[in-house]
Amino acid sequence: MKSSRGTTATVLVGILALLWIFPLFWAVLSSFRDYQYTQDHSYASFGGWTFDNYQRVWEDAGLGHYFVNSLIITVPAVVLTLFLSSLAAFVLARFSYRFNLALLGFFLAANLLPPQALLVPVFRIYRVVPLPYWMSDSGHLLGSYWGLIIINVAFQMGFCTFVLSNYMKTLPREIYEQAEVDGASVWRQYWQLTMPLVRPALAALATLQTTWVYNEFFWATVLLGGRGDKFPITSALNNLKGQFFTDYNLLSAGSVLIALPVLLVFFVLQRQFVAGLTLGSTKG
């Protein structure tokens, strides 16, 4: 019975894995095919192989410029999210207040609301909040990188605070008591004691946050408005769509190129990511 169940589970997992990876495989396959060939022979055929799609998508869509835009948005958003979340999580995990649970719920509240529900108020606020012209050439948050960074930090802090506070609560309180005996300040306990111990969790969250912020499309389209020169890389895919038809092979090539940085981040932080996910799974 155990062998039969194991075989059935393996088959089901294999089928699910194939279904999961098939769209990626099809996108990569289509990115190396000529559009005219697929129009003449259908996408179910094989042939018409070419590397021109990648060259065209890089030149026609100006992906290099949009990659820089995504870098300007993603790196500060991820760093600020992890730093501010770690501060809040340290307070929630280290100190006992009457309103600790309510404060954690406050941080999680942003994740419970759909972004569409906040579209109108956020847009109106961004339109009137002023910024120096050296920070925004529009003179306010709307149409600036800062506005997009702030909204990403606001929406992602709740999840990161929740995860980090749970990790920090698993740390033995004795190490903090010993640190206090040695005269360590609260800041030193946070920076030199807690942060190194939660490094796997930070690496796991950094991988997830990079993926989410880098792939974010909704807020970038709304808050940057008509500033197409500031759009991140995901929004740049719209430049590959024609008025009357869309070259899906070209679009596939663009999608593959856009996915490469996220895959690179994952493989670089893979060991820390897995360690962060399994941290505490064998505790007690």
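The values are calculated or read from the model by the stated rules, or taken from the named source; none is laboratory data. Owing to the predicted nature of the structure, the values given are computational and were not obtained by experimental measurement. So basically every Cβ, Gly included, is an ideal-geometry build from the backbone, and we count neighbours across all protein chains shown.
Numbers at a glance
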read-out: Residues located in the range 4-62, provided they are β-branched (Val, Ile, Thr) and under 30 Å from residue 230 (Cβ atoms); value: 28, 57
read-out: Sole exception among (1) within 23 Å of residue 221 (Cα to Cα); (2) surrounded by 13 or more Cβ atoms within 10 Å (Cβ to Cβ); (3) in contact with a helix residue (DSSP H, G or I) (Cβ under 9 Å, 6 or more places away or on another chain) for residue 116, by number; value: (2)
read-out: Residue among 83, 90, 99 that alone is buried (at least 17 other Cβ atoms within 10 Å of the Cβ) and either closer than 21 Å to residue 163 by Cα or touching a Lys or Arg at 6+ places or on another chain (Cβ under 8 Å) (or both); value: 90
read-out: Failed item in (1) out of contact with any Phe, Trp or Tyr (no Cβ under 8 Å at 6 or more places or on another chain); (2) hydroxyl-bearing (Ser, Thr, Tyr); (3) without any contact (Cβ under 8 Å) to a residue 24 or more places away in the chain; (4) farther than 30 Å from residue 204 by Cβ, with residue 50 passing the rest; value: (1)
read-out: Extreme residue, nearest to residue 209 (Cα to Cα), among residues of the range 135-158 that are in contact with an Asp or Glu (Cβ under 9 Å, 6 or more places away or on another chain) and in a loop (DSSP other than H, G, I, E, B); value: 144
read-out: Matching residues in the range 155-209 - criterion: being surrounded by 15 or more Cβ atoms within 10 Å (Cβ to Cβ) and small (Gly, Ala, Ser); value: 158, 165, 179, 184, 201, 203, 204, 206
read-out: The range 182-204, residues that are closer than 16 Å to residue 169 by Cβ, touching a Leu at 6+ places or on another chain (Cβ under 9 Å) and of a type outside the set (Val, Ile, Thr); value: 190, 193, 195, 197, 200, 201, 202
read-out: Contacts under 7 angstrom Cβ, first residue in the range 26-38 being buried (at least 17 other Cβ atoms within 10 Å of the Cβ), partner part of a strand (DSSP E or B) and of a type outside the set (Val, Ile, Thr), 6 or more apart; value: 32/49; 33/49
read-out: Among (1) in a loop (DSSP other than H, G, I, E, B); (2) surrounded by 16 or more Cβ atoms within 10 Å (Cβ to Cβ) - the single one residue 132 does not satisfy; value: (2)
read-out: Condition met for residue 252 (touching a strand residue (DSSP E or B) at 6+ places or on another chain (Cβ under 9 Å) and either assigned to a loop (DSSP other than H, G, I, E, B) or at pLDDT 80 or above (or both)); value: yes
read-out: Verdict on residue 130 being in contact with a strand residue (DSSP E or B) (Cβ under 8 Å, 6 or more places away or on another chain) and either of a type outside the set (Lys, Arg) or touching a residue at least 40 places away in the same chain (Cβ under 8 Å) (or both); value: yes
read-out: Single residue of 85, 96 found to be part of a helix (DSSP H, G or I) and hydroxyl-bearing (Ser, Thr, Tyr); value: 85
read-out: Search result, residues across the range 102-115 that are touching a Phe, Trp or Tyr at 6+ places or on another chain (Cβ under 8 Å) and either among the hydrophobic types (A, V, I, L, M, F, W, C) or more than 16 Å from residue 153 (Cα to Cα) (or both); value: 103, 104, 107, 108, 110
read-out: Residue under evaluation residue 108, criteria (1) part of a loop (DSSP other than H, G, I, E, B); (2) surrounded by fewer than 18 Cβ atoms within 10 Å (Cβ to Cβ), criterion not met; value: (1)
read-out: Flag for residue 171 being part of a loop (DSSP other than H, G, I, E, B) and either closer than 24 Å to residue 102 by Cα or in contact with a Ser or Thr (Cβ under 8 Å, 6 or more places away or on another chain) (or both); value: yes
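Residues are listed down the side, and each one gets a yes or a no for (1) aromatic (Phe, Trp, Tyr); (2) more than 29 Å from residue 33 (Cα to Cα):
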residue	(1), (2)
145	yes, yes
162	yes, yes
172	no, yes
180	no, yes
213	no, yes
238	no, no
